[in-house]
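Structure, as structure tokens:
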Amino acid sequence: MLASGCAWYLGYVFADIIPEDTVSIAIQNLQNIGERPVIKAPLPKRQKCDHWSPCAPRSYAYRLLSGGGKEKMAKICFEDELLISEQRGNVGRGINIAIVNYKTGKVVSTKFFDMWEGADFSGEMTAFIKDAPQGSLLLMVTHDDGSARLKDDGKKAIEELGSKEIRNMKFRSSWVFIAAKGFKLPDNIEKEKINHSDNRKNRYSGWPAEIQIEGCIPDNLI
């Protein structure tokens with residue numbers, strides 16, 4: 001009886017001295033013994049211009065996305081910078097063009113040319129392309145329609161940069177194109193895509209789905 005009384009008294013004393021939360025943690029730790037630790041997979045690292053995989057060192061990342069319908073505006077990303085986008089407020093109906101200095105990777109100029117209505121934007125676009133310095137990258141995307149007022153001199157200027165599809169562009173075709181002026185891009189990179197409007201297949205009412213190209217350009221081509 002004396003031993004039982006001593007054990008009860010010591011238990012009472014320890015319970016009074018040791019905080020309740022400490023006891024709860026100790027019990028929880030005992031219960032967790034033998035449980036397998038939960039291993040969480042690390043989140044994938046975001047790549048430049050939202051590529052799935054990174055570009056090699058000493059290369060430029062690019063991603064061109066045409067517009068989709070009326071609401072989804074076109075985008076041009078280069079080295080993880082949005083050169084043309086709705087957020088920047090410099091995208092519009094027609095053909096959108098960004099000129100980039102190849103040596104520095106920095107944007108020189110951006111502009112969009114409405115090919116549906118207004119003045120002779122085709123002529124302005126042709127002059128814009130021809131005035132681009134040698135050693136430039138030219139990145140082009142359409143939003144809405146880029147064909148209705150596109151004249152032959154504009155088509156020829158883009159064709160001379162290497163476009164295979166500019167003369168195939170139709171009303172509201174989705175089109176993206178990247179070109180180099182004064183040097184040659186590698187043959188194995190995506191340079192151009194086109195998607196024509198077809199009421200049987202269009203994603204949007206009267207408009208085809210967006211079209212996209214992306215890739216990596218070595219920075220030692222010139």
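Looking at the range 46-58, is at least one residue over 30 Å from Thr142 (Cβ atoms), hydrophobic (A, V, I, L, M, F, W, C) and modelled with pLDDT under 95?
Looking only at the range 46-58, we keep the residues that are over 30 Å from Thr142 (Cβ atoms), and these are 57-58.
Next, only the ones that are hydrophobic (A, V, I, L, M, F, W, C) stay: none.
Checking the range 46-58: not a single residue is over 30 Å from Thr142 (Cβ atoms), hydrophobic (A, V, I, L, M, F, W, C) and modelled with pLDDT under 95.
With respect to Val100, is the statement that it is under 19 Å from Gly215 (Cβ atoms) and in a strand (DSSP E or B) true?
On the way: under 19 Å from Gly215 (Cβ atoms): yes; in a strand (DSSP E or B): yes.
Taking the combined requirement at face value, the residue satisfies it.
For Leu82, are the conditions met, namely being under 15 Å from Glu210 (Cα atoms), surrounded by 10 or more Cβ atoms within 10 Å (Cβ to Cβ) and at pLDDT 95 or above?
no
Taking the range 199-218 on its own, how many of its residues are assigned to a loop (DSSP other than H, G, I, E, B) and either surrounded by fewer than 16 Cβ atoms within 10 Å (Cβ to Cβ) or of a type in the set (A, V, I, L, M) (or both)?
Total meeting the criteria: 8.
Checking the structure you have, find out if any residue of the range 146-154 is in contact with a Phe, Trp or Tyr (Cβ under 9 Å, 6 or more places away or on another chain), open to solvent by 30 Å² or more (accessible area, probe 1.4 Å), in a loop (DSSP other than H, G, I, E, B) and in the same structural domain as Met73 (by the TED database).
Yes: the range 146-154 contains one or more residues that are in contact with a Phe, Trp or Tyr (Cβ under 9 Å, 6 or more places away or on another chain), open to solvent by 30 Å² or more (accessible area, probe 1.4 Å), in a loop (DSSP other than H, G, I, E, B) and in the same structural domain as Met73 (by the TED database).
Can you tell me how many residues within the range 113-127 are among the hydrophobic types (A, V, I, L, M, F, W, C) and either in a loop (DSSP other than H, G, I, E, B) or closer than 16 Å to Gly182 by Cβ (or both)? Let's see the steps before the verdict.
Start the filter on the range 113-127 by keeping residues that are among the hydrophobic types (A, V, I, L, M, F, W, C), which leaves 113, 115-116, 119, 121, 125, 127.
Still in the running and either in a loop (DSSP other than H, G, I, E, B) or closer than 16 Å to Gly182 by Cβ (or both): 115-116, 119.
So the count comes out to 3.
Could you please find all residues in the range 77-130 being of a type in the set (Phe, Trp, Tyr) and in contact with a Phe, Trp or Tyr (Cβ under 8 Å, 6 or more places away or on another chain)?
Applying the first criterion (of a type in the set (Phe, Trp, Tyr)) to the range 77-130 yields 78, 102, 112-113, 116, 121, 128.
Result: Phe78, Tyr102, Phe113, Phe121, Phe128.
Select from the range 67-84 the residues that are within 11 Å of the chain's Cα centre (by Cα) and either more than 21 Å from Thr126 (Cβ to Cβ) or part of a loop (DSSP other than H, G, I, E, B) (or both) and list them in ascending order.
Those that are within 11 Å of the chain's Cα centre (by Cα) and either more than 21 Å from Thr126 (Cβ to Cβ) or part of a loop (DSSP other than H, G, I, E, B) (or both): Ala74, Lys75, Cys77, Phe78, Glu79, Asp80, Glu81, Leu82.
To keep it simple, each residue is scored yes or no on (1) in contact with a helix residue (DSSP H, G or I) (Cβ under 9 Å, 6 or more places away or on another chain); (2) on the phi > 0 side of the Ramachandran plot.
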position: Lys151; (1), (2): yes, no
position: Lys156; (1), (2): yes, no
position: Ser163; (1), (2): yes, no
position: Ser174; (1), (2): no, no
position: Phe177; (1), (2): yes, no
position: Gly182; (1), (2): no, yes
position: Asp187; (1), (2): no, no
position: His196; (1), (2): yes, no
position: Lys201; (1), (2): no, no
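Which residue out of Ser122, Ser147, Ser109, Ser163 is over 24 Å from Gly69 (Cα atoms) and hydroxyl-bearing (Ser, Thr, Tyr)?
Working: Ser122 fails: over 24 Å from Gly69 (Cα atoms); Ser147 fails: over 24 Å from Gly69 (Cα atoms); Ser163 fails: over 24 Å from Gly69 (Cα atoms).
Just one listed residue meets the conditions, Ser109.
What tally of residues in the range 85-109 results from selecting those that are over 19 Å from the mean Cα position of the chain (by Cα) and open to solvent by less than 10 Å² (accessible area, probe 1.4 Å)?
2
Inside the range 168-196, can you point out the residues that are closer than 23 Å to Gly68 by Cβ and not in a strand (DSSP E or B)?
Those that are closer than 23 Å to Gly68 by Cβ and not in a strand (DSSP E or B): Asn168, Met169, Lys170, Phe171, Arg172, Ser173, Glu190, Lys191, His196.
Can you name the number of the only condition in (1) assigned to a strand (DSSP E or B); (2) touching a Lys or Arg at 6+ places or on another chain (Cβ under 7 Å); (3) surrounded by fewer than 20 Cβ atoms within 10 Å (Cβ to Cβ) that Gln134 fails?
Going through (1) assigned to a strand (DSSP E or B); (2) touching a Lys or Arg at 6+ places or on another chain (Cβ under 7 Å); (3) surrounded by fewer than 20 Cβ atoms within 10 Å (Cβ to Cβ) one by one, Gln134 breaks only (1).
The values are calculated or read from the model by the stated rules, or taken from the named source; none is laboratory data. Note that the structure is a prediction, hence the values are computed from the model and not measured. Because the Cβ atoms are built from the backbone with ideal geometry, glycine has one as well, and the counts that use them run over all protein chains shown. Accessible surface is based on the protein model in full, side chains and every heavy atom, while ligands, DNA and RNA are left aside. Shrake-Rupley method; radii C 1.70, N 1.55, O 1.52, S 1.80 Å.
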